[in-house]
Amino acid sequence: MVLEGHACNDYVEVSSTAGRKWQRLLQHERDQRLRLEDMVEQLARQHSHLEQEAKEQMNQAMPPGHSHSEDEEETEFEDAVEELAENFIVHVNPSQAHKRSNSNVSQASEGQGVGDTVSASSSEGDGQDNTVQVIMRKDNNTDSSYSLSEEMASLNGSQATTPTEGGMIQANGQPKRQRRTTVPEKPNYPINLWSILKNCIGKELSKIPMPVNFNEPLSFLQRLTEDFEYSDILDRAASVEDSCEQLAMVAAFTVSSYATTSVRTTKPFNPLLGETYECDRLEDYGWRAINEQVSHHPPIVAQYVEGTNWDSWQDFSMSSKFRGKYLQIIPLGIAHLKFRQSGNHYSWRKVSTTAHNMIVGKLWLDNHGEMEIVNHKTGDKCCLKFIAYSYFSRETPKKVTGYVVDSEGTFKWFITGTWNEKIEACRVTSQTVRAGKPVYETGPPKILWKRNPVDEESDKYYNFTEFACQLNEPEENVSPTDSRLRPDQRLMEEGQWDEANREKLRLEEKQRATRRQREAEAEQAAADGQEFPPYTPVWFTKETDDTGALNYRYTHEYWDCKERQDWSRCPDIF
């Protein structure tokens, strides 16, 4: 028995030792695999970068008239075409691609003379029903980009200011407010990332108590207003009579709202229930906006913007999940835009945003998904595709492609560009069919939107544009619930982050106490058999639209109350 006991003890000891050994080997293999994955990703990035550089060098060294096609039997005519045209593939909805009538196709084919025919090169989309090839003509006489840039400059010049001895004046001779161009520089505050994120996996982003170290000194109400930095696109679109061309410009405006997300990796402050933000830029941009946090769970922001010849409104919410290595944000709600003169009413949903390298590596954002913009008056549609970035893809990073079709499904415009630099559009001039697939020829591209130059030192102040720096600028006579008056956000902007964190906790606890009080009152009312009224927004009212969906309608009372300085209806949230 003694010998058996010793044998059992020896067996247990050997088993434990072997078990620990195998655990170490398994951990070593796991670490090796992770390192190998990182090496593969790094090699893929380097390969993509070198391949792009090689292509650029080849294009620079390529003599005029030389073709990149693998087909050695291309005719001289096809080589000449390549000098004046650029080929690209657009993914389309198959129902839209085949909606065009046979008469239109035959007319397009018969209408092309010998000098107008453009032969398609071998396409990657052959055999795929959801792609069409586009032949984009280049204007070899005039630089359309340059002429359109001049037009944009002249339009922007109508809002420009002129320096005088008395400061700055507008074009109408009235004095213009001097606005700041930067915010205080961002201090360097160290933070233990793991201590915060380890308990956040799988939780809703809006329910995670985050310190201001992850924030930027703007609320989400202000960040949503930043979408209208390039509102001049809408001002130009308001004067366009062609509804499809107007739709292409609206599409460029929707893309422009993502311009700063490539470098803005910080998080805006979550608004408190009842928090508002007004932005009156009538004197320089020609519009004014009012935003309100109308719901806390789920978080919903209602916005209404009045432009010179247009109005825009939306109920914005989002669903977000932290998945460890990345954070995915899925916007909810529908944005609306209506031009007063034409009555064209457009609506769309925003695409998803993913933040990569949340734990290790440099944080970067990518916008991806499909967006459909509909003109409810004419039936025209624009389909945009934000192509997700991949290390192993040959696509241009941050690329956007799309097309505009009328109510009959006829292609009118093709759109291409990147969501962080510029968007171009070209009008469809004709269509042919080759190998059973449609091939579209277009006119020269026109720049519909181009990003404003960015300050080289903007990384010192949260990568804000000049317009973003002005969103939280102190202003008198605003509502007591305005984001500019939020103490934690103001302290953070001034560089007092420790004080900002304490103030942020105080505001959040105050909001929780108010919610608990309302819940207790609701329970008491239910016990007494009485109906307890739900929370009611101040400047918006909840209604059911024609489709049966609930949304928030602006009451058009804010600016009148501001003129009278009547803020009696505003809650105490700060």
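Just so you know, all these numbers are worked out from the coordinates, no wet-lab data involved. Because the structure is a prediction, the values reported are computed rather than measured. So basically every Cβ, Gly included, is an ideal-geometry build from the backbone, and we count neighbours across all protein chains shown.
Segment 313-375 and segment 492-556 have Cα centres separated by 24 Å. Legend: residue pairs 385/460; 321/350; 186/267; 338/542; 321/422, Cα-Cα distance threshold 23 Å; pairs beyond threshold, 385/460; 321/422. For segment 280-312, the residues whose backbone nitrogen is under 20 Å from a point 7 Å from the Cα of residue 210, taken along Cα to Cβ, are 292-302. For the pair residue 395 and residue 8 in one chain, pulling the backbone fully straight at 0.36 nm per residue adds 133.0 nm over the alpha carbon distance.
Taking every alpha-carbon pair in segment 461-572 and binning the separations at 5 Å intervals from zero gives 2, 9, 12, 14, 16, 17, 15, 9, 4, 2, 1, 0 percent. Between residue 510 and residue 18, how high is the FRET efficiency from 1/(1 + (r/R0)^6) when r is the Cβ-Cβ distance and R₀ = 41 Å? Nearest 0.05. About 0.10, to the nearest 0.05. Evaluate the distance, in nm, between pseudo-label points positioned 7 Å from the Cα of residue 545 and of residue 323 along their respective Cα→Cβ axes. For the pair residue 545/residue 323, the computed spacing is 2.9 nm.
Which residues does a label at residue 370 reach in segment 404-424, if reach means a backbone N under 15 Å from a point 7 Å past the Cα toward the Cβ? Once the point is set 7 Å along Cα→Cβ of residue 370, 404-405 turn out to lie under 15 Å by backbone N, inside segment 404-424. Full extension of the segment from residue 568 to residue 536, taken as 0.36 nm per residue of separation minus the current Cα-Cα distance, would add 10.0 nm. The base-10 log of I(q)/I(0) for segment 445-514, evaluated at q = 0.14, 0.25, 0.28 Å⁻¹, reads -0.62, -1.15, -1.22 [Debye formula, identical scatterers on Cα atoms, solvent excluded]. Stretched out straight at 0.36 nm per residue, the stretch from residue 477 to residue 498 would grow longer than its current Cα-Cα span by 4.7 nm.
The spread of Cα positions in segment 231-376, taken along each principal axis and listed from longest to shortest, comes to 50, 33, 28 Å.
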